[in-house]
Structure formats: structure tokens, C-alpha cells
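Take a look at the structure set out below.
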Amino acid sequence: MFVDVIIPLAVDGLFTYSVPEERREAVGEGCLVVVPFAGNRRYTGVVRAVRERAPEGVTPRPIDRVIEEGFSLSAIQLRFLLWMSDYYMALPGEVTRAALPVAMRLESRTCFMPADPPSGTLDEEEERVLRVLRPGEYLSVAEIEKLLGRGGIIPLLKNMLDASLVTVKEQVDHLFKPRHERLVRWSRPFSEEELHAWLDKLRSPHHEILCRWIEHVTDTGARAARLEEFRRVTGASPSNLKTLRDKGLFEIITEEVSRLDEDDETPCPLNPLSAGQERALEEIRAAFGQREVVLLHGVTSSGKTEIYTHLIRETLDRGEQVLYLLPEIALTVQIVKRLRRFFGRAVGIYHSGMADGARVETWRRQNGADPFPVILGVRSSLFLPYRRLGLVIVDEEHETSYKQSSPNPRYHGRDAAIMLAHLHGARVLLGSATPSFESYHHAVSGKYGLVRLTARHGEVLMPRVILADVATYRQKRLMDGIFTPPLREEARKVLEAGEQVILFQNRRGYSTYLQCNRCGHIPRCTRCDVNMTYYKSRQRLSCHYCGSARPYPVACEACGEGHYAERTPGTERVEEEVARLFPAARVARLDLEVMNRKSKLQGVIDRFESGELDVLVGTQMVSKGLDFERVKLVGVIDADTLTAFPDFRVEERAYQLLTQVSGRSGRKGRQGVVVIQASNIANRVYEWVIRGEFPDFYDAFAGERETFHYPPFCRLVRIELRHAREEPLRLAANALATVLRGELGQRARGPAQPEIPRVQGEHRLHILVKSGGNPPLPALKVFLRESARDLLSRPEFKSVKVYFDVDPL
């Protein structure tokens, strides 16, 4: 028996292994196996196929073991991963690596143990290593470095291995380690008389500890408590508890507990729908009878989420599962509370911000007999096992966050969700107030169903939009820091009324760049072609592309005489300006720095929702579906940063972002206000945002796209070439572009430098290929792969890296 295995690495092809007799019953398509690869390294691979004979001329190595703890891929999952590999031009191993949580992608650790006592003399470094190694126990490189208090010991260990001072082996940890908690409980059931007798016998402090525990048990009905909780409730010290255990009153047990955040709250009935929502729900049901995919185009605050909950209830009543996709982890904080209010423990969460153990436990549960009926997550939740998937909801379907930019596979969560649903025979509901041109084109052309919600729920008015001319106010010296008079005045009125403000600035940090006031020098990243962002709170300059950082320079790094002035403000600066103008206002930020800490993220959203904060300053995540009923003003600090990109989608993205962030204002009660600050107020996108008519906006710009043959009227494939040196990169890109143009003509454009020509020490060039005509897209992708393979086979270009991005954003 032999198996073809997908190795979760960027290696092409499948790899064949033999299956020992004793493991054959456990092996099948989709199961996970630990196999040797690239020497003695061990990896967890996925069985693609089972065969009776090995390929001719190959002597396969045996698999090490089969992972049987509830982890395997179904036939549909395998088909989905292979489709993603084919469509997005990624290797199967790259897709598998993205699909499996880190804790399921077991990779061996190189571990060392001392050999027989050395016969010769040792140098000081070798003696130190042997002192920390323990006979009979293998330690990993990381463990040895931690014990030594230093890094970079691999060359030393290699020399010691060559000298037979240490032995080595590849060690693979267990896949899933259950979480355990220690609980304190009665050692046996005690009668009331027995407890009174114990109280008479015990002296302080044991008498008081027992009294407090009896009181706690009486009040709560608890039979046991976590060890930490027992100590908190009773005031018992470890020695106190040991004494009471020795006397036979208590015992400590260890139980397996879940890592998952589950809610025991009793579900509430669904909210009744308005007449408009009920009509839209009926239209969706009818459209699902004819189409697999329906686009729900509803203005901001029209109540799309309420419609989602009714569709979820209908799906669960049929015994089917629901996948509810969101573009950002931040949105799960607020949406999960709403869903659990109606569906309780039926709702599970899955995203990359969860601990590895929790993600593996979710995977294991979804593969078991009692999976979550509803999964709420971001694009990575597409890879979970689903047994009875009936409905996929893609909320805010226009969001670019659904697109994986790097590394491979560079897939789009919305489009991949549609394929996943198709494989399961499920329906897909796309929801947005500002649909992507691609989805709206499919809807108006009849490929998707189309349902509209044209009014806000409860007859609430759309916000009043004010366009503030920053250039004019600056010329008249009327700016107050970064605030125009209209924004400052509207904020004052809203705060004095006890209502809330959201300020949107799509730039992190204090200043997006610094500039010397003497020579004009701008500090830049040494590894990327970008300006360094200044963080005042940390007094550091940081690169958002490679993560490098350095201290804030006191004097100019170029001339040594000038000092740096802050330029374009970021969210830190906006927060500081709010505190200066409105010292009584309670202000917080919501940006990537906050998102990196789950507890702080949830705290900011909860405090703003409860009214403990007055002003929320944030990047684009404040525009993505958050619902705060007391927000009456949204201020866009610098709208020009959204419209200044040389990209055919720039108006579409600016319209979507400005409309979405405007939609946070005045969602309940009186009409809200939006102030958009811009220097180039003649830009046509602002007029469309004020009008708020998306169908007309689409019609005005779609004609231009069709004329110049851009999406949604064609498909794009972007080829990115990378190299540490610019000259071989340019030669390779020109050579590839020449081959492509010879076959495709003007449908192959480039090579051209991207907006950021160098990232993480590598230079980049792009070639853009448009589909349409001959060859069709599948054949075009085969031609592109073969052309790139031929290029890399040339010795002078073997170190060039080539990446494909299908449907780039």
C-alpha cells in the first residue's frame, strides 16, 4: 500500500510513501500523516490518493505515523484546496499550509543529546553545551539556547555532531494537547450533621475557610471550583488547603476543559422585521430558488444583519450549517454578541487571532459528531470542515480585506466562499451597502440574484454630508491644528449634547513621515522603499512593511544640523489633537496596534458601545460594519489620501470607504452629520458620496472600465518578480514580458514598478496580463506557468522569484 502525499511547503508535485502493514486500516484519502522529507526532517502531510503500486523507479520511504485524533480532510475539502491551488496558481503545499492551523502542521524539531563521555579535550563553549544537556533526554536548539542564554549555536552544535560529542534526532510533538484545570471539591458527600461536627472540631483559619465554602456552595449550587477560584472565595493558602485535604474534607481533581469561548446565555427570540426587511427576505428566498448566489444591496443601517439572523434560523431549522464571513477580526467582537443573543452556544468563532490550541480544538469539533451549527469568522474559516453546509453569508463583501495579499495562496475570500458553497450545494448571500463592481456586475447581468434595501431601518434619515475645503481654510489661516472650522464646530455641538464622534484617518502612528526643516531629508527604511512612520508614544520610527524600527533621531540623519518636523498626521496625532481641543472628552484609538491585543480591542469597542468613551479615532476598521447608536458625527480627517493612488479602482475604493464610514453616523434617532476634509474638493468621487446613489455611480464608472477592458469586464493576472539585486530582476522581467507579448500582444503590460518598488530587501517588478479572447483563462494560466518555468530554468535567472496573483486588487 502506497500513498501520494501533499507536503505543506512550497514544493511542486506529490510525494509517494509506503504504508506499514499495521497502519493500513487507518490510512485513507484526506488523512494527516507524519512523513520524512528533505533528509530527516518530519512534516505533517495530507494524503491525496492511495495506490497499490509505487511509481516506477522509486523506492518510497514509509510514513512515520497516522494522526487519528479527529483530524482529517473530507473529499469536499480536498477538492476545494485543489481548486484553490489551480485557480490561484499556487502550489498544493502552499494551499495546505494556509488551510491547516499551525498546531496541525507538525514539523520536527532537531534535538540533541550528549553522546558517550568525550575522550579528548573540550573547549570552553563545548563544555558549556554539554553541561546543559542531560543524558537520556533530547533538547531542541531553542531549549539549548534558552539554557545557555545566547543564540546562534547551530554552527557549534554541527561541529560537536561531527566530533561525535552529541547525537541528534528529529522529534515531533503531539498534535493536540488537551487543556486541563485543577478543581477542588468535597472528598465525598457530607451530611449536614457531619459538617457541623467538622466546624466544631476545626480551629482558625480552617474553620473560617470551611464556613466560606459552605456559604459559597449554598449560594451558587456549585459542586466544585477551579483551584484559583477556591482560594479566592475561601481565602485559603496552599498550606491551608493541604491540611484540609489531609483531614479528608477536600480533594483536588484534574479535568479536561475547552479552550473555546462559549456562551451559556439562553437564546432570545429573533427581532421582528420591518415591512421593507420582510419584503427583502421574501425576495431572497425566491432568488435562492433560481440562483446559488444573491447580492443584498442595502444602504448603511438598513438592517441587513436582522435579515441574516432570520436566514440563519431557517437554515438551522433544516439541520444545516451556516458560515458567516466578516472581513476583519475586529467586527467579530460586536457581531458575535448579537448572534449569541439569538443562537447561544450554536455559534463558534474562528480566526487567526485565536490561540493555536483554540483553533485546533475548533477544527477537531467541526470534524466530530457535534460541530458548531454556525461559524463566525474571517476568510481562514473557509478551511474548516463542514458536513452539512447550507448557507454562506459574506458580509461587507466589497472589502479588500477578503483578499490575501501575501504569502500564497493569494485567494479572495468572497470568491472562494462561492466555490466552497457550490461544492456543498449551499446558497451564498453577499451583503453590502457599496458592492464591489464585480459582484454588482454579476447581479445586474443576471448571474446573481439582486435584492435591494433602499431606506434605513426605522425611517432614520441618511446623514448630512459636509465637504470642508482644507486648502481654502489653510490659506485663510482658519485651521485649528488638523481640524477645519466645520469639523471643530460640529464636534463641539455633538459632544456638548452628550453624543459620540468617530474620527477617521487611514494612517497609523503620529506622523506618516518626518522631514528635516533644514535640508528636507526624509528618514526611509533601509530594506524597503518607504518612509518611516513616527510613533510618538514609543519615540520610534517604524516601517509598516518589514517591521524594522529605530529610535527617533534627535538631529537630522543627513545634515546633522536640522530637526525633523511631523508631516501627514496619523491616528496618534488625531487622538492628541482631540485631547487638546476637547479636554473633557474621553477618547480612544482603534487601529492595528489595538487590534493586536484581543482584550484591548474588545475593551475599546465595549466602552464606546456603552457610552464610556466620547470620541473614537481609527483607521479603516472603524468603517467596517460597526454599529454604535449614539454616534452623531463622523469626521474624515484627510480624504485626499484615499484618492491619490494611480489605480483604476481608486474611485471605487474611495467611494466605498467614505460611504461606509459615513454610514456610522446617525444610525438611530436624529439625523447624523459627516464632515469630509479634503484639499482637492473638485475630485468627482466626493460628489457621488454626497449623492449616495450607488447604481448611478456604478453606471458612470463601469463604462470607462468596459472601454479600457478592466474588471469586471475581464480577469487580471499579475505576475510579480523579486530579486535582491535590481539588474538581474529587470533583465528577467523584460525577458518574460517579451515572451508573453509574443503570444498575447497588448494584453501583457509591463514590466512596471509597483508603488513600493522594494520590500524587505527585495526589488519588485510587475507584469499585468488581461484575460479575454484566446486563450481562455485556464489555458492562459497554463501558458503563464510554463513561461515562468522556462525563465527560471535559465542559469542567470534561477535566483529570481516569481509569484502569480489572480484577480489582484
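The values are calculated or read from the model by the stated rules, or taken from the named source; none is laboratory data. Everything numeric here is computed off the predicted structure, so don't read it as measured data. As a convention, Cβ positions derive from the backbone with ideal geometry for all residues, glycine included, and neighbour counts pool all protein chains shown. Just the protein is used for accessible areas: all its heavy atoms, side chains included, with ligands, DNA and RNA removed. Shrake-Rupley method; radii C 1.70, N 1.55, O 1.52, S 1.80 Å.
Scanning region 307-336 for residues that are part of a helix (DSSP H, G or I) and either over 30 Å from residue 619 (Cα atoms) or more than 25 Å from the chain's Cα centre (by Cα) (or both) turns up 307, 310, 311, 312, 313, 314, 315, 316, 317. Taking the criterion of being β-branched (Val, Ile, Thr) and either exposed (fewer than 15 other Cβ atoms within 10 Å of the Cβ) or assigned to a loop (DSSP other than H, G, I, E, B) (or both), the residues of region 499-522 that qualify are 512, 522. Six or more apart or on different chains, Cβ atoms under 6 Å: show the pairs whose first residue is in region 297-320 and within 17 Å of residue 271 (Cα to Cα) and whose second is of a type in the set (Phe, Trp, Tyr). Within 6 Å, the pairs are 309/342.
Counting only helices (runs of 4 or more DSSP H) that sit wholly inside region 542-616, not one has at least 3 residues that are of a type in the set (Asp, Glu), open to solvent by 50 Å² or more (accessible area, probe 1.4 Å) and closer than 19 Å to residue 503 by Cβ. Could you grab me the full set of residues in region 95-131 that are under 19 Å from residue 162 (Cα atoms), surrounded by fewer than 18 Cβ atoms within 10 Å (Cβ to Cβ) and among the β-branched types (Val, Ile, Thr)? If the condition is that a residue be under 19 Å from residue 162 (Cα atoms), surrounded by fewer than 18 Cβ atoms within 10 Å (Cβ to Cβ) and among the β-branched types (Val, Ile, Thr), then 110, 121 are the ones that fit.
When the residues of region 693-735 are filtered to those that are assigned to a helix (DSSP H, G or I) and closer than 21 Å to residue 782 by Cα, the one that is most open to solvent (accessible area, probe 1.4 Å) is 734. Scanning region 347-381 for residues that are without any contact (Cβ under 8 Å) to a residue 60 or more places away in the chain, of a type in the set (A, V, I, L, M, F, W, C) and either assigned to a helix (DSSP H, G or I) or surrounded by fewer than 18 Cβ atoms within 10 Å (Cβ to Cβ) (or both) gives a single hit, 369. Just one of the listed residues (634, 622, 661) is assigned to a strand (DSSP E or B) and either open to solvent by 10 Å² or more (accessible area, probe 1.4 Å) or touching a helix residue (DSSP H, G or I) at 6+ places or on another chain (Cβ under 7 Å) (or both), and it is 634. With a requirement of 2 or more residues that are modelled with pLDDT of 85 or more and of a type in the set (S, T, N, Q), the helices (runs of 4 or more DSSP H) lying completely within region 42-139 that satisfy it span 75-87.
Any residue in region 492-500 that is closer than 30 Å to residue 765 by Cβ and under 31 Å from the mean Cα position of the chain (by Cα)? There is no residue in region 492-500 that is closer than 30 Å to residue 765 by Cβ and under 31 Å from the mean Cα position of the chain (by Cα). If you check 303, 248, which single one turns out to be modelled with pLDDT of 90 or more, open to solvent by less than 40 Å² (accessible area, probe 1.4 Å), within 18 Å of residue 335 (Cα to Cα) and small (Gly, Ala, Ser)? The match here is 303. Filtering 170, 145 for residues that are crowded, with 16+ Cβ neighbours inside 10 Å and assigned to a helix (DSSP H, G or I) leaves a single hit, 145.
The one condition from (1) outside any helix (DSSP H, G or I); (2) touching a Gly at 6+ places or on another chain (Cβ under 7 Å); (3) within 29 Å of residue 82 (Cα to Cα); (4) open to solvent by less than 30 Å² (accessible area, probe 1.4 Å) that residue 296 does not meet is (3). The set of residues from region 11-31 being under 30 Å from residue 802 (Cβ atoms), open to solvent by less than 70 Å² (accessible area, probe 1.4 Å) and of a type in the set (A, V, I, L, M) comprises just one member, 11. Of the residues 751, 778, the single one that is closer than 19 Å to residue 89 by Cα and open to solvent by 30 Å² or more (accessible area, probe 1.4 Å) is 778.
Candidates 670, 630, 597: the one that is within 24 Å of the chain's Cα centre (by Cα) and at pLDDT below 95 is 597. Within region 679-712, can you find the residues that are touching a Ser or Thr at 6+ places or on another chain (Cβ under 9 Å), over 30 Å from residue 474 (Cβ atoms) and aromatic (Phe, Trp, Tyr)? Passing the criteria: only 694. I'm checking my understanding of the structure. Among residues of region 401-460 that are among the polar types (S, T, N, Q) and either assigned to a helix (DSSP H, G or I) or in contact with a Gly (Cβ under 7 Å, 6 or more places away or on another chain) (or both), which one is farthest from residue 380 (Cα to Cα)? Among those residues, the one meeting the criterion is 439. Taking residues in region 667-679 that are at positive phi, and partners anywhere that are of a type in the set (Lys, Arg) and part of a strand (DSSP E or B), the pairs with Cβ atoms closer than 9 Å and at least 6 places apart or on different chains are 669/632. So residue 182 passes all but one of these: (1) in contact (Cβ under 8 Å) with a residue 24 or more places away in the chain; (2) assigned to a helix (DSSP H, G or I); (3) within 30 Å of residue 239 (Cα to Cα). Which condition number does it fail? Unmet condition: (2). Within region 476-498, being in a loop (DSSP other than H, G, I, E, B) and closer than 17 Å to residue 631 by Cβ holds for 497, 498. With the structure loaded, tell me whether residue 463 is farther than 20 Å from residue 288 by Cα, of a type outside the set (D, E, K, R), free of Cβ contacts under 8 Å to residues at least 40 places away in the same chain and open to solvent by less than 40 Å² (accessible area, probe 1.4 Å) or whether it fails that test. For residue 463, the condition - farther than 20 Å from residue 288 by Cα, of a type outside the set (D, E, K, R), free of Cβ contacts under 8 Å to residues at least 40 places away in the same chain and open to solvent by less than 40 Å² (accessible area, probe 1.4 Å) - is not met.
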